[in-house]
1. In segment B:223-248, which residues have a backbone nitrogen under 17 Å from the label point lying 7 Å from B:ARG130's Cα in the Cα-to-Cβ direction?
2. Each label point is 7 Å from the Cα along the Cα-to-Cβ direction; what then is the distance between the points at B:ASP114 and A:ASP386, in nm?
3. In a solvent-free Debye calculation with one equal scatterer on each Cα, what is log10 I(q)/I(0) for segment A:217-406 at q = 0.09 Å⁻¹, listed in the order of the q values?
4. Could you report the accessible area of A:SER310 in Å², rounded to 10, computed with a 1.4 Å probe on the protein chains as they sit in the structure?
5. Using only the Cα atoms, work out Rg/Rh for segment B:168-292, with Rh taken as the Kirkwood radius, to two decimals.
6. B:LEU286's amide H: which non-local residues (gap 5+, or another chain) put their own amide H closer than 5 Å, with H modeled 1.01 Å from N in plane and none for Pro or chain starts?
7. More than 56 angstrom separation, counting every C-alpha pair in the protein assembly as shown; what % is that?
8. Taking 24 Å as the cut-off for C-alpha to C-alpha distance, list the pairs among A:LYS56/A:LYS454; B:LYS278/B:LYS316; B:LYS110/B:LYS221 that go past it.
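The values are calculated or read from the model by the stated rules, or taken from the named source; none is laboratory data. Please read these numbers as outputs of a predicted model, since none were measured by experiment. Methodologically, a virtual Cβ is constructed for each residue, glycine included, from the backbone with ideal geometry; neighbour enumeration extends over all protein chains shown. The protein model used for the area step is the full one, side chains on, heavy atoms only, and it has no ligands, DNA or RNA in it. Shrake-Rupley method; radii C 1.70, N 1.55, O 1.52, S 1.80 Å.
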Amino acid sequence: MKDDVKASLRELVGDANYTDQLIDLIAYSKDGSEHRHRPDAAVWVEDSGQVSEILKLANREKFPVIPRGAGTGLAGLAVAQSGGLIMDMSRMNAIREINIEDRVAVVEPGVVYADLERALEPHGFFFPPDPASGKVCTLGGNVATNAGGIKGAKYGTTKDYVMALEVVLPEGRVIRTGSRCMKTSSGYDLTRLFVGSEGTLGVVTEITLKINPRPPLSATAMATFDDVEAAGRAVSEIMHSGILPSVLELMDREGLRAVNTVTGADFPEVEAILVAETDGYTEEETVYQMKRVVDIFKKNGARSVKRAKSREEAEALWAARKAAGGAFTRINNNLFVEDLSVPMSRVPEALKVISEISGKYDLRIPTVGHAGDGNLHPCISIDARDPDQVRRMHEASAELYEKIVAMGGTLTGEHGIGLAKAPFMSMEHEEGTLALMRSLKRVMDPNNILNPGKMALDG
Amino acid sequence: MRQPYEFEKKFGDQIYRCSSCGFCRAVCPVFGLTSRPALNARGKMLILQEVLEGRAELSEELVDTLFQCTTCANCSVHCPSGVEVPEIIKAVRKDMVGSGTCHPAFAGMKEILDRHTNIYGEDEPEDFGRERNRRAEYVYFIGCVGQYREDEATEETLRLLDRLEVDYTLIDEVCCSGVLEDVGFQMNQDLVDRNVRAILATGAKTVITGCPYCYRTFNNKPRYAALKEAGVRVIHISQFLKDFDWDVRTDKVVTYHDPCDLGRHTGIYEEPRETIRKIAPNFVELPNARAEAVCCGAGGGVRAAFAANSIAMARKRLEEVESVGADVLLTDCNSCLHNLANAKLRRQKFKVFTIAQFLNRLLDEARVRPGAKEVA
Ligand SMILES: Cc1cc2nc3c(=O)[nH]c(=O)nc-3n(C[C@H](O)[C@H](O)[C@H](O)COP(=O)(O)OP(=O)(O)OC[C@H]3O[C@@H](n4cnc5c(N)ncnc54)[C@H](O)[C@@H]3O)c2cc1C
């Protein structure tokens, strides 16, 4: 990036909001994935006007602009793969409006998920996606990745809650999409186009979210299984039983083993555990649902089923699953969190594939999953300083994607494509579909300014 | 091939264990203030990874981040990968200083301690009108901040000890010098020897420290092993006070700030609360308390080197105090007291005290209004 361009940027945002210091460039070189490249400069933006001016400058001077929230993305998303400017959205962090009557929250993109949650709590409302990174990730990042979480089966993901957006288009024009009405059939659903677009089509500067009343009661149970497929069958039966558990999480034997070795805990190393939560407004409703879930666990050969009678007991049942994230990262010095999703009925088969691939490539792949919506996270743990392990990891991932896509699954349930899965886009999407995605990108961003290199759009 | 750094031998592996999840963003006080990723633990670990890979040098350019860490350990306590960030930062600072790179404020601190007895370079200690260096059951060790900056709090603490008829003595204390190791230098053996000699000369079996940092230094640094070997126990004032009963109460709304050195670093969460609960039925916790407590911004040399940010961090903590509607903010570290009291805005009407100081005030008021139980 030329010095005069840097000077213009500095002028646009002010000294305090511009940096090209080495420490910032390094800190901005990576997100939660292994992809890494230094940008040439970074700015903290304060409003859509600044975003617009910067994008106009970028089009004149032809430098890439990479919007960035908290940088927790797991697919090589907010990474300046070909240099350029990191546009840090995190100082645009005002909650502009919470309107319970209209059931909406209007936020700036830099608002942290947990901060919105805290603000909604006194009203008895929530924004359900609940990603595990909620303490730090931004709502702009959630929109751009279509983030999900453990409540997907019952409550859906981010896309089900985004009603309207203010977006700055790649050439600098500021537009509004959608409506704050609960229903609208007016025109193309441009809002959905931007949700999950990974910062490649526009910079989101305001988000109108639908918010949900939070059911005050919940019940929790945990079941152990000696057979992964039996656990899978239980999941599938629960999901078509008419009951929608608010949470239905799975962890496999390798996962339990990792938690035990890393934390010194003593969870039974069964083939799989399932943790279920049902929620509701009355105890009767909540317990009724849980009873059905427990019956189905038993019917499908659960070795043991425990139901929590108190909050503490519920926490104990959650302990193994909650420890997984931390424990998996400590098995070795690197963890590649995969994010496959399969149709509900294929969960047992997908688990079998993961276990076969783990054996074939001699890799530890503990797995957790949002079983209730078919979204599995096989986590490949390796020593990244050993080139052979890195090679095996890449080969294993490629085979995994192939098999999952072959059974009607998708490359990513909630983390996105980014750089990590760009090479595999054609595995999942037909040529015509990819061509349409690329034409859209070209029409909206003719100079390929916004987050280039992601989602296989350049090809 | 470059020579391996010292920090690399011990922490090379850990630096790579940072999975760059960014969870430290939620808890780092420096990041909370600046929203600058280069200043939180993930940024620091990425920078160190590049240093280890030879893509960045341990140079002046890194001072702003590697010397701007309060070592409050909020990140390491919450790190899914178990990266011990404060220890890594301290080790890196040693390598930096070793190769001639240092923040001027820290270099200044080292020079001052080469020539003077305390971090302020003031050679006339307050004598608090009490005999020093006499034989006694306890030594009360004040610490630099309590001696030279928060002498009012210290005076009141001593008056409390007098009231309780504790057989204690002050000594000709000098800086424990532990802080030098945090900012890239070695501890000062002369200062260590002077403290050890003075303590042992009193025949005391217990040292009570007013400062949680001195407490950690005496208990954890091998250079002070002579104390343990001589059978001298070192406790913090909050541990000493917890066993007393008080017949004074306040109906004010009281809250408590956990000092990082006392809480996350030492695990002393309960003792201060035991005392507070006895005297303040209207005790409320801050939104972030115990292991979640947000640093006041004073630690790790940040107050000296990055004063404006240090005060701004204290202000953020004080906003939490406002949010719970407290009349009194208690803490148990003179350094926190100093930073928080300095940062307090005029419109913030609550008062800031150490627990001992507040207790002494309650007792004073009870004396002028004999029989009064609801006081202060
Ligand atoms: C430990 C861990 C657990 C996780 N758990 C989950 C989980 O349960 N569910 C889940 O879905 N994800 C999870 N993630 C992934 C990640 O947290 C999500 O993808 C999150 O939505 C990213 O938000 P962010 O603010 O960090 O965005 P970033 O990583 O900064 O950016 C992500 C993408 O969004 C774009 N972007 C950001 N802000 C804007 C904006 N204002 N306008 C346009 N584009 C923008 C960026 O360009 C980038 O392409 C996890 C990550 C970690 C490290």
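1. B:234-242
2. Calculated label separation equals 4.8 nm.
3. For segment A:217-406 at q = 0.09 Å⁻¹, log10 I(q)/I(0) is -0.32.
4. 40 Å²
5. My calculation of the ratio gives 1.03.
6. B:TYR256
7. Everything past 56 Å amounts to 15 percent.
8. In this structure, B:LYS278/B:LYS316 exceed 24 Å between Cα atoms.
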